[in-house]
1. For the modelled label position 7 Å from the Cα of Arg60 along Cα-to-Cβ, which residues of the range 187-221 have backbone nitrogen atoms closer than 15 Å?
2. Going by amide H atoms built from the backbone, whose H comes under 5 Å of the H on Ala229, apart from near neighbours?
3. Classify the range 66-209: rounded, prolate or oblate, from the alpha-carbon gyration tensor (a ≥ b ≥ c, eigenvalue square roots; a/c under 1.5 rounded; otherwise prolate if a/b is larger than b/c)?
4. Among Ala286, Leu41, Val311, whose Cα projects farthest towards the positive end of the dipole of the chain, with charges put on the beta-carbon of Lys, Arg (+1) and Asp, Glu (-1)?
5. Can you tell me which of 257-265, 209-217, 300-308 comes out highest on packing, and rank the rest after it, using the mean Cβ neighbours within 10 Å?
6. Dividing the convex hull volume of the alpha carbon atoms of the chain by its residue count, what do you get in Å³ per residue?
7. Pull up all non-local amide H partners of Ala80: gap of 5 or more, or a different chain, and H-to-H distance under 5 Å with H placed in the peptide plane.
8. With runs of 4+ DSSP H residues as the only contributors, calculate the mean residue ellipticity of the chain at 222 nm using -39,500 (n - 2.57) per run, divided by the residue total and rounded to the nearest 500.
Amino acid sequence: MDVTRFHEDLALVPHHLESLAGALEAGLPGVDLLPAASRVLVLGMGSSAYAAGVVAQAARAQGVAVEVSLASAELLPPPAPDLVVIAVSATGGSAEVLHAVTRYAGTGRLVAVTNKTDSPLAEVADVLVPLTAGVEASGVACRTFRHTVVVLSEVLRTYGFTPTVAPAVSARRAAGANAELLEGAPAWLPQVSSTLLGPHGTFLLAPLERLASAQQGALMMREVPRRPAWASETGDWAHVDLYLARTLDYRVLLFAGSRWDGQALDWLEHRGATFVSVGADLPGAAHVVRYAGDEDPLVAVLSEVLVAELVAARWHEADPDFTWSGR
């Protein structure tokens, strides 16, 4: 891992999303080979599981029988003629994923979604669908996170999922949105990064349908600058985490769009918390970050996390030797 190259990876997000859109329009390899099934199980860890959760939530709302499980789970369903297992790993080498798929290898129903087509996961799978995210020089899963959302959306179309907008179209729109955020960052990033840099860490909120934005954003803040960050679903936050807003210098990155934004804002105001809003002009926000297409949930989940990623990169560049002391 070389996090000094993280910003380099982020700069290539628009290019690779645009390339992915073209690959989808041409026919992504492996999609035409997917086995028929009435049930889908997606296995992954970390960013892969976050991304899969977003797509599965949307697919289940349409009646598709798809579940996401951490590959580290001991209790997984047995192989079955009506079950397809989709193992997602950016590197194709996650130990937990490789262990989990041993029970499904050789059944003809194991699909690998990975960025490394010569990886151990690709070797044991019956079908390989590439993420085509390019080499992430930093070793941090940023582009692969986005590509997992898009590619899984395409894969699940085989099993009955009908995205509101074709994945290729969403990828192309998101390429533009990410480019806009990158270009405009000098105007908002210094203030936003300073506001979110609290002595007690950073708290990220997002609606359930885009929970991955908060999860991935918090992970980037932990992984790159090694600073404490936590993710919550906006509605559930009022039941599990608002208590800390009274006792801590509470700094929030809020990905707008939840029915429960108002409830969260009431509590944040009441407890004197500071928040930055992404995707909507919410009252009381210290700063607001907008971009073209932020009203589209899939474009949002492919783009809004860039705010957290750029903040993480800036923190690391400002203090690369930082070690959290808990004080």
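Please treat every number below as a calculation from the coordinates, not as lab data. Since this is a predicted model, take the numbers as computed values, not measurements. Cβ atoms come from the backbone with ideal geometry, glycine included; neighbour counts cover every protein chain shown.
1. 208-212
2. Thr202
3. Values: a/c = 2.04, a/b = 1.74, b/c = 1.18.
Taking the square roots of the gyration eigenvalues as a ≥ b ≥ c, the range 66-209 is prolate.
4. Leu41
5. Top to bottom by mean Cβ count within 10 Å: 300-308, 209-217, 257-265.
6. On the way: hull volume 41.4 nm³, N = 327.
Per-residue hull volume (Cα only) is 127 Å³.
7. none
8. Details: 13 runs with 145 residues, N = 327.
Roughly -13500 deg cm²/dmol at 222 nm, from the helical runs in the chain.
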